[in-house]
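Below: one structure, written as structure tokens.
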Amino acid sequence: MEEVWTRKYPVGNDDFAKIRKQGQLYVDKTELLWRMINLSEWIFLSRPRRFGKTLIASTLQAYFEGRKELFEGLAIAEHTKEWVKYPVLRFNLSEVKDLPIEEIQPRIGQQLKEYEAIYGRDEDERTPGAKLSGLIKRAYKQTGLGVVLIFDEYDAPLLGKLDKPKLLEETRTIMQEFYTPIKSCSAYERFTFITGITKFSQLSIFSTLNNLNNISMLPQFAALTGFTDEELDTYFHPDIERLGKTMGVGYDEMREMLRKKYDGYYFTEAKVAVYNPYSLLSAFANQKMEDYWFKSGTPTFIFKVMQKYKTDITKAFDLSASASSFDTPTEGMTTAIPLLYQNGYITIKEYDPESKFYQLAIPNQEVMTGLTENMAHTYLGVESDDIKEGFAFKFWQALKKNNIELALREMKAYMAGLPYIEGFKKKLEEVKTAEGFYEWTFYIIFSMLNVYVRTQVKCIKWRIDIVVQMPDTLYVMELKLHGTPLSALKQIESGDYAVPYSTDDRKVVKVGIRFDMTKLAIKDWKIKTE
């Protein structure tokens, strides 16, 4: 008899009340919410999309509305002696995302109307900011209690306009007027919670609200969104076991597969990694591992900004940086790194307390695969499906068999047959050197196949063009446009490129590759196995 599975997953449901009423799986984060509420009266939290910001906002709304019944058995209930029903004004600015400029104020006005029906309105209040200010004062006067303000996805109206300066400035003006009462009406407020992805410093939220506490990188709130390993053991043991049975693997192997695919996000210097909650819950619900988060709506502006700043993709996803260079306001960006970090495409991996530098890298396989599929078009002028269909499977099979000779033959045949030569030439002009272009090409193709690849790797004397890591083999590659594959191998030898891997148990294979600039393809190669 088939097992009757009763677990309900809140995939796409970020309404706390509905999750609790419908008996859906809820991972208790309310202990952290209690600490947050008692830390400051003005809180800002930045996290990537679909990482639980709206669920946090919804939970806070229910808590401050005094809905005690929803919190039975949760940590925050043990701390709360008296349940007070505060007036709560909550706004979801994702509803304003991508709207034409003339529709922004009316849409915000629709959300304001819900509260005007409760607390009344004044005909002299014409703009969203004026209406919000009036609502805060009337709600305070009518209840005698401080007002709780919740602005979810405050930056949603702005993000899609980053590549349209005039439209961005017009939208900023509208939103700044709406947010002004947060500061001007602070005497009437009990608690303010603001979520977003990035920071727009020229908005009044950040420029005038001196007491706003940005908890995004505070170690004590590292696990506020996403799921930790401990939470997987506490809440998801049967789910991992069930998915493992579906996929024909044991519990431990399934756990490791989930870790590689969806774990690896670090939002603070604390050593607390979290899984992508949307992808993990989707995998359990669908009994299938897919790139759920990446396919749920990758913003195209990310790749436009990367192109604007001529981002070197082989360096952008594995680099050292100070916090001020990646957790910076949008207006202060000089590279695409802040947007990549704040949107979840790169994350903190290491922190050095002496230098106060962070090591940033791609969090997991899901993000790596999704990014490189998009970059195949952006950077190489080809579609990812053209790489995947036919070539990818044969290339991957050859690598798995440790047959680099066959893998390179497959790549040579593929590149020689590309129908996008003009696109390749155009992309080639955007890269400082032709060798750099081929590094990008190798990087994208290997990464798309979930093969760990690094470029321009520092060694004792120089830099290694490419290092490819397979379970049993390490490939050390030198690329040449002039000279021969043999001269490339000699450079690997004289540069002691393989020395850093001498203690590795894996076999080291040295590969010298020459490219044909006229055909934009691999010409020939030499291979030497240690």
Would you check which residues across the stretch 435-484 are assigned to a loop (DSSP other than H, G, I, E, B) and either in contact with a Phe, Trp or Tyr (Cβ under 7 Å, 6 or more places away or on another chain) or over 16 Å from residue 501 (Cα atoms) (or both) and list them? 449, 450, 451, 459, 481, 482, 483, 484
Output the residues belonging to the stretch 325-345 that are open to solvent by 20 Å² or more (accessible area, probe 1.4 Å), over 25 Å from residue 458 (Cα atoms) and in a helix (DSSP H, G or I). 331, 332
Members of the stretch 273-300 that are in contact (Cβ under 8 Å) with a residue 24 or more places away in the chain and polar (S, T, N, Q): 276, 279, 282, 287, 296, 298
Which residues, counting only those in the stretch 126-180, are assigned to a loop (DSSP other than H, G, I, E, B), without any contact (Cβ under 8 Å) to a residue 12 or more places away in the chain and not basic (Lys, Arg)? 144
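Conditions tested, residue by residue: (1) closer than 24 Å to residue 6 by Cα; (2) surrounded by fewer than 21 Cβ atoms within 10 Å (Cβ to Cβ).
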{"site": "256", "(1), (2)": "no, yes"}
{"site": "259", "(1), (2)": "no, yes"}
{"site": "263", "(1), (2)": "no, no"}
{"site": "292", "(1), (2)": "yes, no"}
{"site": "296", "(1), (2)": "no, yes"}
{"site": "303", "(1), (2)": "no, yes"}
Just need a number here: residues in the stretch 63-82 that are under 19 Å from residue 143 (Cα atoms) and either open to solvent by less than 70 Å² (accessible area, probe 1.4 Å) or under 33 Å from the mean Cα position of the chain (by Cα) (or both). 5
Starting from the stretch 29-43, keep only residues that are without any contact (Cβ under 8 Å) to a residue 12 or more places away in the chain, then list their pairs with residues that are surrounded by fewer than 16 Cβ atoms within 10 Å (Cβ to Cβ) whose Cβ atoms are within a distance under 9 Å, requiring at least 6 positions of separation or different chains. 38/79
Residues of the stretch 4-49 being buried (at least 16 other Cβ atoms within 10 Å of the Cβ) and of a type in the set (Val, Ile, Thr), in sequence order, are 11, 19, 27, 30, 37, 43
Quick one: residue 100 ticks every box in (1) surrounded by fewer than 17 Cβ atoms within 10 Å (Cβ to Cβ); (2) at pLDDT 95 or above bar one, so which box is it? (2)
Let me confirm something: among 241, 256, 231, which residue is in contact (Cβ under 8 Å) with a residue 24 or more places away in the chain and farther than 23 Å from residue 353 by Cβ? 231
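The values are calculated or read from the model by the stated rules, or taken from the named source; none is laboratory data. Please read these numbers as outputs of a predicted model, since none were measured by experiment. Cβ sites come from the backbone with ideal geometry, for glycine too, and all protein chains shown count toward neighbours. Protein only, heavy atoms only, side chains kept; ligands, DNA and RNA dropped before computing areas. Shrake-Rupley method; radii C 1.70, N 1.55, O 1.52, S 1.80 Å.
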